[in-house]
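Visitor: First the structure, then my questions, so here it is.
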Amino acid sequence: MRNRVIRFTVLAALVLVLLPLSLSAGTVAAHTDKLITSLVLNEAEAVALGLQFGSIDDASSQSDYVTARYLDPSLGYDIHLTVTLSPCNSTESISLASMTFGCTNCAEPSCQERQLANGDRIPNGPCYSAYRNGYTNFGFTVGETVFAQGDVLVRIQSSKGSGKVKTLQDYQATLSRHNWFVQQVVAKLDARYQADAMHLTAHAYVAPQTTGALSGRDAVVLEGTLTGPAGGVAGVTIEGSYFSASGSGWNYGVATDAAGVFKSVIGPADEVVRITVKARHTDTSPAYSGTVPIVITDFGGQPAVVSTGMSVS
């Protein structure tokens, strides 16, 4: 039996949010995460902004949390607006540098252009610019703004018919409406899902077990704390998966106690080779967003692996 203990510590950001509003009419499946769904504009909020409400739909798979649809008739024709919220594991793939890597004339102020019938020239797309930790890509008929709000990937899209953009002024008007809608969506997100306010600290180590199903064996143990401005955060689910060398995986979950502390025996030390760790958002006041996943692959006493979370700036 091994008697040494191997530890390492990882740090991630957890985020403060406020209570969600109740949802207005829309198409929402029963298993929708109500807190996440409440982050998009509901029917009453959309109508108050002069928009036509379409739907709030639960995703058909785990790739998306929720998709909301609206129409903006303010320019005399319909601009189709869509907001999609989905899980976010990293901001690397949505950074401006990543989106424009290897391409030329695809970022402001040097985007490819097209000439309209009246001689005006406008960006033809792709035409990227930085937005928070992501980007905006606004072209001839379609615009998209993508960024991460804590552990939620936000995708805001607008589209209109090609015949609606006949002059540079038309293009600028549609860009203005896209940016205005982004501001409305972001205002609600910032009020209810503020990023990088809380921290999850976790460490995993190998230790002999004297009780339970693994008694007499070495096991990987996960423990840590969840803290906020007022100290430990209670009742939050710490969850993830652990994997064997063959690729088989199992899920686990453990709740923080009154002091924000958690501990769980993950699995046999000779089987576990990788662990993912994250904290779910809470559903009570005050609510906190979940963290992005931490991946643990080395139980050999390596220096601490530190993640500072994802800033929205």
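Since every read-out is calculated from the coordinates, none of them should be taken as a lab result. All values reported here derive from a predicted model rather than from experimental measurement. Glycine gets a Cβ as well: all are built from the backbone with ideal geometry, and neighbour counts include every protein chain shown.
Visitor: Could you pull out every one of the lysines with an alpha carbon less than 18 Å from that of Lys278, ignoring same-chain neighbours closer than 8 positions?
Guide: Answer for Lys278, where 18 Å is the Cα cut-off: Lys263, listed by chain and number.
Visitor: Can you check what the Kirkwood hydrodynamic radius comes to for the range 45-104, Cα pairs only, in Å to one decimal? Intermediate values should be presented prior to the final figure.
Guide: On the way: mean 1/r = 0.0712 Å⁻¹.
This gives a value of 14.0 Å.
Visitor: Okay, next question. Test of understanding: what is the full-extension gain from Ser248 to Glu108, defined as 0.36 nm times their sequence separation minus their Cα-Cα distance? If you can, show how the numbers build up before the last one.
Guide: Numbers: separation 140, 0.36 × 140 = 50.40 nm, distance 4.54 nm.
Length gained, Ser248 through Glu108: 45.9 nm.
Visitor: Identify the chymotrypsin sites (Phe, Trp or Tyr not before Pro) of the range 95-151 meeting these criteria: DSSP loop state and at most 10 other C-beta atoms within 10 Å of the C-beta.
Guide: Working: sites: Phe101, Tyr128, Tyr131, Tyr135, Phe138, Phe140, Phe147; in loops: Phe101, Phe140.
The qualifying sites are Phe101.
Visitor: Cα atoms only, the range 93-148: Rg and Dmax in Å?
Guide: When restricted to Cα atoms, the range 93-148 yields Rg and Dmax of 11.8, 39 Å.
Visitor: Sticking with this structure for a sec: Using 7 Å Cα-to-Cβ label points, what is the Ala213/Gln169 separation (nm, one decimal)?
Guide: In this crude label model, Ala213 to Gln169 measures out at 7.1 nm.
Visitor: Still on this structure, I have one more. Between the DSSP loop rule and a limit of at most 13 other Cβ atoms within 10 Å, which trypsin sites (Lys or Arg not before Pro) in the range 161-235 are left?
Guide: On the way: sites: Lys164, Lys166, Arg177, Lys188, Arg192, Arg217; in loops: Lys166, Arg217.
Listed in order of number, the matching sites are Lys166.
Visitor: Suppose each label sits 7 Å from its Cα in the direction of the beta carbon; what would the Leu116-Thr237 distance come out to in nanometres?
Guide: Taking the two extended label points, one gets 5.1 nm.
Visitor: Let me ask something else about it. Determine one quarter of the surface area of the Cα convex hull of the range 40-192, which equals its mean projected area, and express it in nm² to one decimal.
Guide: Numbers: hull surface 37.9 nm².
Orientation-averaged projected area of the Cα hull: 9.5 nm².
Visitor: Here is a follow-up. Gain in length, Asn124 to Leu49, computed as 0.36 nm per residue apart minus the alpha-carbon separation, to one decimal in nm?
Guide: Numbers: separation 75, 0.36 × 75 = 27.00 nm, distance 2.90 nm.
Full-extension gain reported as 24.1 nm.
Visitor: Further question: Amide H of Val292 versus every other amide H placed in the peptide plane: which residues, excluding those fewer than 5 positions away on the same chain, fall under 5 Å?
Guide: Under 5 Å from the amide H of Val292 lie the amide H atoms of Ala13, each far enough along the sequence or on another chain.
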